[in-house]
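So the structure is just underneath, and the comments pick up after that.
The values are calculated or read from the model by the stated rules, or taken from the named source; none is laboratory data. All values derive from a computational prediction rather than experimental measurement. Counting neighbours? That spans all protein chains shown, and the Cβs are built from the backbone with ideal geometry, glycine included.
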Amino acid sequence: MKAAVIIALAVSGLAVLISFIKSGHFFSALILSALQGLVALFSVDWIGGFIGVNISINPFTMALSALGGIPGVIFLLVSGIFFR
């Protein structure tokens with residue numbers, strides 16, 4: 001199961017990088033996606049306190065949300081549901 005999660009993360013990270021390269025604005029797209037992911041992570045953490053959803057903020061979750069953007073945060077939410 002752990003290998004499947006690592007493979008899924010690698011494939012999704014590669015897809016994000018390929019889409020950034022094809023957009024023609026690699027660095028601006030990378031920075032914008034990282035900011036959106038971090039804002040989404042902190043928003044889910046703040047709003048999650050009211051509705052019972054918990055994503056702990058640590059270096060791993062911050063890196064995943066910065067590299068994956070909003071899909072990275074969604075992955076954290078879904079994996080938190082399945083691996084409880």
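Taking the stretch 11-49 as the search range and keeping residues that are modelled with pLDDT under 80 and within 12 Å of the chain's Cα centre (by Cα), which one is nearest to Phe82 (Cα to Cα)? Per the criteria, the residue is Ser12. Among the residues of the stretch 63-84, the ones that are more than 15 Å from the chain's Cα centre (by Cα), hydrophobic (A, V, I, L, M, F, W, C) and either surrounded by 17 or more Cβ atoms within 10 Å (Cβ to Cβ) or not in a helix (DSSP H, G or I) (or both) come to 1 in all.
What do you reckon, is Ala40 assigned to a helix (DSSP H, G or I) and either charged (D, E, K, R) or exposed (fewer than 15 other Cβ atoms within 10 Å of the Cβ) (or both)? Walk me through it before giving the result.
Values: assigned to a helix (DSSP H, G or I): yes; either charged (D, E, K, R) or exposed (fewer than 15 other Cβ atoms within 10 Å of the Cβ) (or both): no.
Judged against the criteria, Ala40 is not a match.
For the stretch 50-62, a tally of residues being of a type in the set (A, V, I, L, M), modelled with pLDDT under 90 and not in a loop (DSSP other than H, G, I, E, B) returns 1.
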